[in-house]
1. Would you confirm whether or not the range C:50-61 contains a residue that is more than 30 Å from C:A145 (Cα to Cα) and more than 14 Å from chain D (Cβ to nearest Cβ)?
2. Identify all residues within the range B:129-148 that are in contact (Cβ under 8 Å) with a residue 24 or more places away in the chain and either more than 21 Å from B:D343 (Cβ to Cβ) or not in a loop (DSSP other than H, G, I, E, B) (or both); write none if there are none.
3. If I ask for residues that are modelled with pLDDT of 95 or more and open to solvent by 50 Å² or more (accessible area, probe 1.4 Å), which ones from the range A:3-25 would you list?
4. Over 17 Å from the mean Cα position of the chain (by Cα), crowded, with 20+ Cβ neighbours inside 10 Å and over 30 Å from D:C224 (Cβ atoms), is that true of D:L356?
5. Could you list, ordered by first residue, the pairs with Cβ atoms under 8 Å in which the first is in the range C:188-214 and within 14 Å of chain A (Cβ to nearest Cβ) and the second is surrounded by fewer than 24 Cβ atoms within 10 Å (Cβ to Cβ) and of a type in the set (F, W, Y), at least 6 apart or interchain?
6. Could we say that A:A274 is part of a helix (DSSP H, G or I), of a type in the set (G, A, S), crowded, with 24+ Cβ neighbours inside 10 Å and more than 10 Å from every other protein chain (Cβ to nearest Cβ) here?
7. For D:Q86, work out the one condition from (1) more than 7 Å from chain C (Cβ to nearest Cβ); (2) polar (S, T, N, Q); (3) more than 28 Å from D:A185 (Cα to Cα) it doesn't fulfil.
4 protein chains.
Amino acid sequence: MRARFRDLGFSIGRVPTGPANAITDVPGVRVGHTTLIEGDGPLVVGRGPVRTGVTAILPPEPVFSERVLAGSFVLNGAGEVSGLTQVVEWGLLETPILLTSTMSVGKVSDATVKWMTRRYPGIGDEYDVIIPIVGECDDSWLNDAVGRHVRSEHVYRAIEQASGGAVAEGSVGAGTGLVTCDFKAGIGTSSRRVVTFRANSETGPSYNLGVLVQTNFGIMRTLCIAGVPVGEILEPDYSDDGRRVHNAGSIICVVATDAPLLPSQISRLCKRAALGIGRVGSYAAHASGEIIIGFSTANKVPRSTSGMTHHIDVLLDDACDGLYEAVVECTEEAIVNALCVADDMRGQGNHFAPALPLDDLAEILNRHHAARKR
Amino acid sequence: MRARFRDLGFSIGRVPTGPANAITDVPGVRVGHTTLIEGDGPLVVGRGPVRTGVTAILPPEPVFSERVLAGSFVLNGAGEVSGLTQVVEWGLLETPILLTSTMSVGKVSDATVKWMTRRYPGIGDEYDVIIPIVGECDDSWLNDAVGRHVRSEHVYRAIEQASGGAVAEGSVGAGTGLVTCDFKAGIGTSSRRVVTFRANSETGPSYNLGVLVQTNFGIMRTLCIAGVPVGEILEPDYSDDGRRVHNAGSIICVVATDAPLLPSQISRLCKRAALGIGRVGSYAAHASGEIIIGFSTANKVPRSTSGMTHHIDVLLDDACDGLYEAVVECTEEAIVNALCVADDMRGQGNHFAPALPLDDLAEILNRHHAARKR
Amino acid sequence: MRARFRDLGFSIGRVPTGPANAITDVPGVRVGHTTLIEGDGPLVVGRGPVRTGVTAILPPEPVFSERVLAGSFVLNGAGEVSGLTQVVEWGLLETPILLTSTMSVGKVSDATVKWMTRRYPGIGDEYDVIIPIVGECDDSWLNDAVGRHVRSEHVYRAIEQASGGAVAEGSVGAGTGLVTCDFKAGIGTSSRRVVTFRANSETGPSYNLGVLVQTNFGIMRTLCIAGVPVGEILEPDYSDDGRRVHNAGSIICVVATDAPLLPSQISRLCKRAALGIGRVGSYAAHASGEIIIGFSTANKVPRSTSGMTHHIDVLLDDACDGLYEAVVECTEEAIVNALCVADDMRGQGNHFAPALPLDDLAEILNRHHAARKR
Amino acid sequence: MRARFRDLGFSIGRVPTGPANAITDVPGVRVGHTTLIEGDGPLVVGRGPVRTGVTAILPPEPVFSERVLAGSFVLNGAGEVSGLTQVVEWGLLETPILLTSTMSVGKVSDATVKWMTRRYPGIGDEYDVIIPIVGECDDSWLNDAVGRHVRSEHVYRAIEQASGGAVAEGSVGAGTGLVTCDFKAGIGTSSRRVVTFRANSETGPSYNLGVLVQTNFGIMRTLCIAGVPVGEILEPDYSDDGRRVHNAGSIICVVATDAPLLPSQISRLCKRAALGIGRVGSYAAHASGEIIIGFSTANKVPRSTSGMTHHIDVLLDDACDGLYEAVVECTEEAIVNALCVADDMRGQGNHFAPALPLDDLAEILNRHHAARKR
């Protein structure tokens, strides 16, 4: 029986979570998955086995006409988030964020363009063109990745069925065929409710911050959970047979907040998320694309305005430390949730990814006096 | 009758051109176009009129197994070159470079993945995944861009028919529907044969350098050719009727050389190409995505090797100034070639892009004593 | 008799200048110089000849307690602007900007710290520490640069005597010993009064934009003025004797505006200034440090506040094109002003830098029908 | 009685250390400190109390004529490493690296210029100018920082007395007045002996990698050592009286290796060092300048050469993971060493920084089953 990390009785970090402990705790943010699981046995390109999918993260709608501020950080650029160049330049997010299998990025990008041009009829005419945001991890170890089984309708469905509240984790959507530190993983999420403060101990308004990861990085030996070297302890129990043997994963990390941050502040927040990836044991291996994209729902930039200037509310830089601390632990917990929730999976060519053994995990954490849930 | 710029009797810059005055003067580099022109009259999304296409720039094959060193510079990131993040991180180019219409990037990316996985059967298995390089400009002013008329076979054809030697320019391939400084433009190319030198006047080996642009930026008022404010002089002759009235273009610039440069040196070269864009009159308008990607064919990085280290030949940094000077003028000339070669075009909704009037151009340049071809 | 460029009857670009055609046309911005000229003949390190100085650009005071937003762009990092890392990170300017000789950066930085800690007594106690902004060019061809003749009192004087209105140009302050395209240069400035506009032709509020350069780059052959290849035309008149023979200059460019721009927008503005450097003939030679720093006086960020958030007025990105166009031409004109105003100078070791011959320049520009002053 | 971390019987990470467990395990690398401790009681600016100094890290000499390849990463740019812009642009280190107190950067930079121009008499004449590398942390909580007590002779002494072998740690040199996570800290170092490997388990040559930190960041609550939340456990024992109460520290991290890496690879290595900072508990607080600079001694770039090209040996990117893993744990251990070695210190205004209690630390680590030294 799988569970989220906190259901085991432990916690990561100091800052309290939001009600769903998910990126959807940021008001207006919605998540949808299309999960594709089909067939077993040896790989026949174009036939399967299929272990892949699409995940859509939607900023508050209508995001194309009411853009939100955005930023990013590339810890290791050995991967792809299509459309990132424009996000970096303009500091704006104007489409949903889609996640999928590496070699399906083109198809998902094309389907998102089609969906957007239907949703916003003026595109390509009075409005500008669309450059969608599509991130990826390589699921070719379990999935017929070359077969590119994601189709347009899978993208539409992920977008259209996206909702707030609890988010499905583990082997769902773009996480279906993914592995992290040699254990089955996929999608994970977590959130924090952050009280801002300043050096002089003054406190300010509270904000919501959420992280969703598509996680596929690392090797067992370096896996740490709540500071405990769980991977090193468990490794002797796992032979190499049937396990992924190389280090070429990736992680895409999406950060959302309703704190009023400028694009440059959001990028700084994304940089701190990278520290959370590191705490789980990543050393950002050469071939592991580790990319973070973030957005804030607090200020909208309308596509059409009457004036030439606008007013922005901004959290002072020296009041951001609470968010920085929160995003580190929230990212760590999102990854751990993906590991805790995902169950065993056998995929193409009979490749097998074992689930993280939760009983063993709880026993190890207790032995090391890891922090109990408060 | 259209002509390349030098056919008018003028020249840009001091450094001699290669035999084809094209990016294909770099040995092994090939270019292919698929041009799509169909229909007239009002826009019916999905039906046309169609004024678009695909251009493929191929580094020496087999580029996936014998990667070349690469770099880039983003003058203005209001555009997209899919796959750029990985180029920046690894300093490697391992696929062809494709250019197309903005909203067709997904389709072209997907088709390139398919083409590559057929061409290199081990991909997704023993090899890594593919992240293709796909750049874009927005051709929606003349083309049914929302209709996304580029199909997989158009991509295959551009790649497979790519050849060395003379390169078709103007309204071809990814340049079919493009406009620059309110004149019809599209694809342009130029090359230089560069003698390297150092501050102490010592000269060294010669190298080839070529540039190919997909050009779609700017407004008439700022157009300069060979330093002469041609756009300002011509503007009174053009009424606003039927002309593009906004400034949201883009330019993608591909730089190739056989000089032995490191990725960081190639990125520096790309940065100088931006100065060439500026000399034609660009001020990198907010919505004009101006992105440069470059590669050097001199050092190959094999995908499979027996050793753990390799040897690289590198041109000394203080011997690079000849290349830096050359890339500025070569970029300028490539843009001007696109303008000189492209003929009038009427597109969707009867939008009209006039050709740059070559007789007037020659007369103006003569009057201003612009440099004659030597 | 030396003159500014417009005094010769010509103009650069389309946008009107401010009243002083200087960076000081941005209200509250002040400039001060300390010029050090002493001795003749052969170089005796520590004795002279001295041809150096300090230039101070002051944002509206009190800049340490009321910080202004700032940004930058590095066209070629072969130089130094101390403190730039923090400007990039925080998007804030909190000290004056000082310019000097390369090997005097340390002394000028130290003197600025001393001046600031006297001016703002709480520094190092209740306030933070000071990291001053100090840019440099290498004046060693005319100056005893190793002797580091700039002393603390020279720095204090440049800061304290800074004023608005007309700005001394040419061989003054940090420009005293500098050469550009083999002609004597140094400090130059220019300004523009910019009407903002959008693609749909709507116009908005007007803003002031000013540029000050410390210019020391390039070789005669590539010098262009108003698009005319003046350097190539003049070169046969100059023998190599007594001229600087290498290409290792630099240019530091300071951009100021009262348009309400975010740090990311200011950095984009700085990037466009680089295009202006390119138009004068720079190809950003390997050893030529070409660094742009900018600030906006429109929004202040107080060091001490009661609240945790603040409100910022921001010019919409799609209303920035007027500023982008203006900064290109303003940078070009600032460099040309430095060349026009600076007179012949003989320096250490009898090295000689000739003045740009203004009569010849006017004759050449007329012959090429360069734009007349309007 | 103070000790290094491994002397307590524990270890960090998996990769074995070098003989001195110090940056000097990279052959040719030397370290020197000048420590300034003088006076007690209330602060009198210019008089003291003095708790500051200078640390010099020397690449193999003669570094100015035989430059080494270098790179960097800025985790948080709220600090200064003078000269970093040129390191980033050229990928070369050509001076020693100096560390000191923030407001003494100018003096140390000036003294280094003077030292270099004496050491290499051609500078400013036939050679280029000098831009020294000077990093800083703010020691104003214990030190009369405004008094700027570092003088030229202190810099010369640190450089000239630099040596290989064991490196003094804790409250020495540039670390004299520093605090980390509310405990006394300063200089720390560690090294690794790295066997390179590839994904297919093939192993390659071994290299040395060393890290030296000047550490001054963080708050007690977030301090983790070997994954154990030591700070959270110890915090109740410490009242706020006499402790630093704000979060504005910094850390400068110097990475050295003899692995043959390109500048871009060194920068990637530096990025991974940031993950090591994160593992100790940093979330890169807004005002904490966290900057990493690295160099490789394997390839030299001579200032004067006869040829125009050179040959470089490069470790393949996919053989770098061993170094990436090592630099994370080595950085973590260097910080912990600074904390373990530094003793209690009382400074200006009777400010007090307590030493990390080693007995308690050992007891906590044992209780949490932290990794024992192997």
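1. yes
2. Filtering the range B:129-148 down to residues in contact (Cβ under 8 Å) with a residue 24 or more places away in the chain leaves B:130-148.
Selection gives B:I130, B:I131, B:P132, B:I133, B:V134, B:G135, B:E136, B:C137, B:A145, B:V146, B:G147, B:R148.
3. A:R4, A:D7, A:P16, A:P19
4. Numbers: over 17 Å from the mean Cα position of the chain (by Cα): yes; crowded, with 20+ Cβ neighbours inside 10 Å: yes; over 30 Å from D:C224 (Cβ atoms): no.
Answer is no for this residue.
5. Within 8 Å, the pairs are C:V194/C:Y207; C:T196/C:Y207; C:T203/C:F197; C:G204/C:F197.
6. no
7. It fails just one condition, (1).
Each row is one residue, and each column tells you yes or no for (1) under 30 Å from D:I266 (Cβ atoms); (2) open to solvent by less than 10 Å² (accessible area, probe 1.4 Å); (3) among the β-branched types (V, I, T).
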{"position": "A:V44", "(1), (2), (3)": "no, no, yes"}
{"position": "A:P62", "(1), (2), (3)": "no, no, no"}
{"position": "A:E66", "(1), (2), (3)": "no, no, no"}
{"position": "A:F73", "(1), (2), (3)": "yes, no, no"}
{"position": "A:G79", "(1), (2), (3)": "yes, yes, no"}
{"position": "A:V88", "(1), (2), (3)": "yes, no, yes"}
{"position": "A:P96", "(1), (2), (3)": "no, yes, no"}
{"position": "A:I123", "(1), (2), (3)": "no, yes, yes"}
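The values are calculated or read from the model by the stated rules, or taken from the named source; none is laboratory data. Quick caveat, the model's predicted, so the values are computed rather than measured. Note: ideal-geometry Cβ built from the backbone for every residue, glycine included; neighbour counts use all protein chains shown. The area values use the complete protein model at the heavy-atom level, side chains included, leaving out ligands, DNA and RNA. Shrake-Rupley method; radii C 1.70, N 1.55, O 1.52, S 1.80 Å.
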